[in-house]
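To keep things clear, I will list the structure first and then write my remarks on it.
Read the figures in this text as sums done on the coordinates, not as results from a lab. Because the structure is predicted, anything quoted here is derived from the model rather than measured. For neighbour counting, all protein chains shown are included, and Cβ atoms are generated from backbone atoms with ideal geometry for every residue, glycine included.
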Amino acid sequence: METSEIITKKQGNCKKVKDHDILILIENIRDILITLLPKGVLLYGKKLTDKKLSIYLGQDKNYITYLKKNIKRNLNYLITSQVLDKFKKRLKSILGEKVDLAIALIDRYEELNKLKENYEKIYYYHPNINLRYFETIDDKEKAYWLGFIYADGNLSYRTEKRRSIRFSFYLSIKDKDSKDTVYNLAKILGIEVQNVRTDSRNVLIGFQITNNTLAKYLNKHGVLIGKKSKKIELPHLNNRELYLAFLLGYYDGDGSEGSTVLSSGSKKFLEQIKDKFNITYDIRLKKCNSIINGRRVKGKGYDLALGAELFNEMMHNYSESMKRKRKIFETPEEKSERMRQVCKYIAKVKITEEFLKNLEQLTWKKPLYKIAEDLGISVSRVSSICSEYNVNKPPIGYWKKAGTHY
């Protein structure tokens, strides 16, 4: 049987089909199997359906169905050399010495499409993708995004056979910074922006890609496959600056805005953070029964306050984080000093009848904040003195209506 004698039965149904297109290769292999296999050997009858052929090629029964869908989306779709090697191995076990023609057709397909051993079809959809970005966490940017993925990223098996792993990253669409954050990570990884989209319920925005290389490096650094919230542990990083950047990324994902608190379902993860940074605050148990991103979430989790000093160090360490969560907190020492200064200001003011008379005259000459500046005390202190001693002062909006330079 010559190569030229193999006729593709479905060629007329394909658009722009050439002799090196994948559908032609699949149909050629189908014809070879129908011709060379004994009639009683074909699975479940004489007709070699797509599902049966998928099994003969050593793939999931729906492999060819998925393949055709991918080709409809992209006419330049190619099968990777790794998958073709599996084809060859499987066909050799079935056909034995008669496998030469099938192997020749596969080799021809590889040659015409110039496939390399390390070719991955993801490059057709994302030509600039950096699958090895997380291979080594050697700078603050990588550590920050690793922390964010710990909080809001996900690795999951795409099929029951667990051959391919999908990476997903989604944030709440209600958060005004979510869109920029998702696009920033997509840009860093080299993912095409058209792959950033909202979910079916229109409550999340993000992207997902299936690639074992990217997943391998994320998993290497502690991003677990499947449900991870109660199992995560602190990854090993080389220095304090990387740990601080990681912590900031995790805070942007699972930290409480306006506070220094981190939340996690994994108590061990928070214990490791507490030990690593010598945090004095206790880990607190919290119970959840609320609506998050349109779904009711029940269960328990844990909170850990970082404290103002560590939080401020974390902020100063890396500046490219979510803007709405960036804040510098007052440390206990700074608060104590501020209160001491307030007490000094209050002590400077001696409340006498003459002072109150002069204050009432001043309130009609200039606004309270100007009086406070002159006295070296706060506006609230001046206002409280007026209220306490019934000092007559202008009503709210007086200086605006007066049209003065104040």
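What you get for the range 167-295, charging only the Cβ of Lys and Arg (+1) and of Asp and Glu (-1), is a dipole of about 520 debye around the Cα centre.
Here the Karplus relation 6.51 cos²θ - 1.76 cosθ + 1.60, evaluated at θ = phi - 60°, turns the backbone of the range 180-195 into coupling constants of 5, 5, 4, 5, 4, 5, 4, 5, 5, 7, x, 7, 4, 5, 5, 7 Hz, with x for every Gly and Pro.
Do the alpha carbons of any pairs in 89/142; 325/350; 51/231; 174/286; 220/335; 142/176 sit beyond 32 Å of each other, and which pairs? Could you put the intermediate results ahead of the total?
Values: 89/142 39 Å; 325/350 42 Å; 51/231 38 Å; 174/286 24 Å; 220/335 43 Å; 142/176 23 Å.
In this structure, 89/142; 325/350; 51/231; 220/335 exceed 32 Å between Cα atoms.
Our coupling estimate for the range 219-225, obtained by passing each phi through the Karplus curve with A = 6.51, B = -1.76, C = 1.60 and θ = phi - 60°, is 5, 4, 9, x, 7, 7, 8 Hz, Gly and Pro reported as x. Computed from backbone phi, the HN-Hα couplings of the range 260-267 come to 9, 8, 9, 10, 7, x, 9, 5 Hz, rounded to whole numbers (Karplus: 6.51 cos²θ - 1.76 cosθ + 1.60, θ = phi - 60°; Gly and Pro given as x).
For the range 56-111, which trypsin sites (Lys or Arg not before Pro) are both in a DSSP coil and crowded by at most 16 other Cβ atoms within 10 Å?
When the trypsin sites (Lys or Arg not before Pro) of the range 56-111 are filtered for loop state and at most 16 Cβ neighbours within 10 Å, 61 remain.
By definition, a body whose alpha carbon gyration tensor gives a ≥ b ≥ c is rounded when a/c is under 1.5, and the range 140-325 falls into this rounded group. Extending 7 Å from Cα along the Cβ direction at residue 90 and again at residue 366 yields two label points whose distance is 8.7 nm.
Each label was represented as a point 7 Å from its Cα along the Cα-to-Cβ direction; for residue 82 and residue 399 these points are 7.0 nm apart. For the pair residue 172 and residue 100, label points projected 7 Å from Cα toward Cβ lie 6.7 nm apart. Close amide H partners of residue 211, meaning residues 5 or more places away or on another chain with modelled amide H under 5 Å apart, are 165, 167. Distance from the Cα centroid of the range 141-179 to that of the range 181-210 is 10 Å (rounded to whole angstrom). Near the amide H of residue 154, within less than 5 Å, lie the amide hydrogens of 168, all on another chain or at least 5 residues away, with H placed in the peptide plane.
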